[in-house]
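In what follows, a structure is listed as structure tokens, so that the remarks can point back to it.
We did not get these values from a lab; they are worked out from the coordinates using the rules stated. Bear in mind the structure is a predicted one, so any value in this text is a computation, not a measurement. Neighbour counts are summed over all protein chains in view; Cβ atoms, including those assigned to glycine, are modelled from backbone coordinates with ideal geometry.
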Amino acid sequence: MAIELLVPLVFGLLFFLLILGAHLGLAMSAVAIFGTTMIIGMDGALSLAGLSVYESAQSFDLSVIPLFVLMGTFASKSGISSDLFAAFNTWLHRRKGGLAHASIAACAAFGAVCGSSLATAATMGQVALPEMRRFGYSGKLATGSIAAGGTIGILIPPSVIMLIYGILTETSIGDLFLAGIVPGILLTVFFMITVVIVTRLDPSSAPVITDPISNKTGSSAISKVWPTLLLFFLVIGGIYSGVFTPTEAAGFGAVGALLIGALMGRLNWRKVGESLMDTVQTTSMIFLILIGAILFSAFLSLSGTPALMGSWVVGLAFSPLMTIALIVLIYILLGAFLDTMAMIILSVPIFFPIVMDMGFDPVWFGVLVVLVVELALITPPMGINVFVIKGLSKDVPLSQVFIGVLPFCIALLAMIVLVIAVPELVTFLPELSS
């Protein structure tokens, strides 16, 4: 079969399987083996698949994933999310829209020990939604702010999506983590500015709170933030001081989260066991997807798809900036049909060689990809974060949640444009540390 027909056929089969509800990793593995068989025969395809699975399973670099997942699970079970919301609540609740501000800031802080947008949105939603609804916040603002705030979890390091991008592209994970700090802080500020604008346009969405929510002082609130700060500086500081490799930092972070939870009296043997089981389940899902991605990438390489895509882009005679804009547009369209993991796994092997040929920085492109993936988390019809928050707020219609998150989508688009226009926002910290 001609390559020009085989590649569209394989992609069509993949999307068909995904529509039927097949697991992403299994679907990618199946169509990749089929496509590879059509190129090099059944024996060669099965041999390549076996070798790829073996190399993936025994790769030391992949051990960083379960360790960071374990750190985030221990942190979640220790109630750090509640502490963060309580601390920011103490500082911000008297401002107009203060509870929404506190929710967004707490999401960003929790992302520093979690690394997952879904986990951040779900955890903070359980903590912050009841408070905002109790004090009369509109369903749109309450759900929209948390759904959007949860997306920051994959931008503030450590980030599972950045780990996968780094592994797929052989980009320094340490540099990716460092590069996400400034955009993560700026995006948090953008979201908080969005809350200010929304509450001014619709004052009824966030009533002014005159009754005290907490009698705690600002200094006592700081005491609730120290576990997050300690874990963040242990992991990120250890990497950039040269004390730890990313894998070692993940291990120390997991142990640190365990010790903090135990010392605070919040982790018992039952919760430790639950954390380990949750980590095994999450890691197994990620590894199955990665194996499928490796097989699919091998098929794409054998078919010459990256080279064909590169030739097509060159034939368009677009400037590098226009090419990036086209890639962002494609990501936005993909986000309407695929989840975040599928977007990364399917697109990076195709777009990364094109972007590198144009001379762009791989770390900068990684952060840009994460930002676009964040947008997919809160835009219809997929919008996984939106559905997570909808599940926690039974009284708010799904349409209202999507309306509530729309202003934050605009803020996220503005952040994407800013990162494209000023790439130094992403690259200057990694360059400073090198």
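A few points about this structure:
- Computed lengthening from Ser63 to Asp395, 0.36 nm per intervening residue step minus Cα-Cα distance: 115.4 nm
- Normalised by the number of residues in the chain, the average gap of Cα pairs under 8 Å and 6 or more apart makes the relative contact order 25 percent.
- Computed over the range 3-433, Kirkwood Rh from alpha-carbon pairs, angstrom: 22.3
- With a threshold of 20 Å on the Cα-Cα distance, the over-threshold entries among Lys77/Lys140; Lys271/Lys394; Lys96/Lys140 are Lys77/Lys140; Lys271/Lys394.
- Under 16 Å from a label point set 7 Å out along the Cα-to-Cβ vector of Leu51, the amide N atoms of the range 1-38 belong to 33, 36-37.
- Exposure proxy for Tyr165, Tyr331, Tyr240: other Cβ atoms within 10 Å of each Cβ, ordered fewest to most, give Tyr240, Tyr331, Tyr165.
- The label-point distance for Leu308 and Leu418, in a model that sets each label 7 Å from Cα toward Cβ, rounds to 4.0 nm.
- Counting every other Cβ atom within 10 Å of each residue's Cβ, Ser399, Ser159, Ser301 order from fewest to most as Ser399, Ser301, Ser159.
- Charged-residue dipole, Cβ positions (Lys, Arg, Asp, Glu), the chain about Cα centre, Debye nearest 20: 1720
- Prolate/oblate/rounded label for the range 270-429 (Cα gyration tensor, a/c 1.5): oblate
- Listed values for the range 145-150 are Karplus-derived 3J(HN,Hα) couplings in whole Hz (6.51 cos²θ - 1.76 cosθ + 1.60, θ = phi - 60°), namely 5, 6, 4, 6, x, x, and x replaces Gly and Pro.
- Residue-averaged 222 nm ellipticity for the chain, from DSSP H runs of 4+ at -39500 (n - 2.57), nearest 500: -25500 deg cm²/dmol
- Here the residues Asp175, Asp278, Asp202, ranked from fewest to most Cβ neighbours within 10 Å of their Cβ, fall in the order Asp202, Asp278, Asp175.
- Cα-based helix-to-principal-axis angle, 398-421 vs the chain, degrees rounded to 10: 70
- Which of Val348, Ala317, Gly335, positive extreme of dipole for the range 232-384 (C-beta unit charges): Gly335
- In order along the range 366-378, phi translates into HN-Hα couplings of x, 5, 4, 4, 4, 4, 5, 5, 4, 4, 5, 5, 10 Hz, rounded to whole numbers, per the Karplus curve 6.51 cos²θ - 1.76 cosθ + 1.60 with θ = phi - 60° and x for Gly and Pro.
- Positive-end residue of Leu24, Gly304, Ile156, charge dipole of the chain with Cβ unit charges: Ile156
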